[in-house]
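Data first, discussion second: the structure below is written as structure tokens.
Please treat every number below as a calculation from the coordinates, not as lab data. Bear in mind that the values here come from a model prediction, so they are computed numbers and not experimental data. Heads up, the Cβs are rebuilt from the backbone with ideal geometry, glycines too, and the neighbour counts pull from every protein chain shown.
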Amino acid sequence: MSPVKDTQKSAKSTTEINKKFKGFTDEERAAMKERVRELKTSAGRGAREDDADGESAVLAKIAEMPEQDRAMAKRLHAITKASAPALSPRLWYGMPAYAKAGEVVCHFQPAQKFKTRYATFGFSDAANLDEGGLWPVAFALKELTPTEEARISALVKKAVS
């Protein structure tokens, strides 16, 4: 009689083997493609042209948004421009953003962009918001009341200080 050989099983379960990495979502791929288009469009243009084109591109993108996101984006655009006139509107991954010396400081991500339940207003590392060892860089937005508007205005002013 010959001994029965034990076969070793893989440490990975069969569900892990059958589960394939799908990569980026359709929304993420679309955002990356928009960013590539933005970079190609801005290449070779001067800063003055970029400022004028950036404003019109942001307003056009806001006009395309669903009503709830559009109303919030319009208000945030007005707040940002009033709070920090030095910031230049531009698109960033297909979202309204505001830059200083070509570097994005803050941006609005509509809820519909990545099919989330709330929109966000975020800040990049170029924003001067450092407070100790921990501070928020993005805020969930369900609605804009005068309280939230005042807080956003103060944050934008601080971000460019």
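Label segment 68-161 by shape, choosing from rounded, prolate and oblate, from the square roots a ≥ b ≥ c of the eigenvalues of the Cα gyration tensor; if a/c is under 1.5 it is rounded, and otherwise prolate applies when a/b is larger than b/c, oblate when it is not. List each step's numbers first, then the result.
Details: a/c = 1.36, a/b = 1.26, b/c = 1.07.
Rounded.
Taking the simple approach of a point 7 Å from Cα along Cα-to-Cβ for both Phe21 and Asp53, what is their distance in nm? Going by the 7 Å Cα→Cβ label model, 3.5 nm.
Determine, from the Cβ-Cβ distance of Gln68 and Ser161 and an R0 of 30 Å, the FRET efficiency 1/(1 + (r/R0)^6), rounded to the nearest 0.05. So the FRET efficiency works out to roughly 0.45.
From Cα pairs below 8 angstrom and at least 6 apart in sequence, can you work out the relative contact order of segment 68-161, rounded to a whole percent?
Values: 130 pairs, mean separation 24.7, N = 94.
The value is 26 percent.
Treating r as the C-beta distance of Ala150 and Ala126 and R0 as 22 Å, the FRET efficiency rounds to 0.45.
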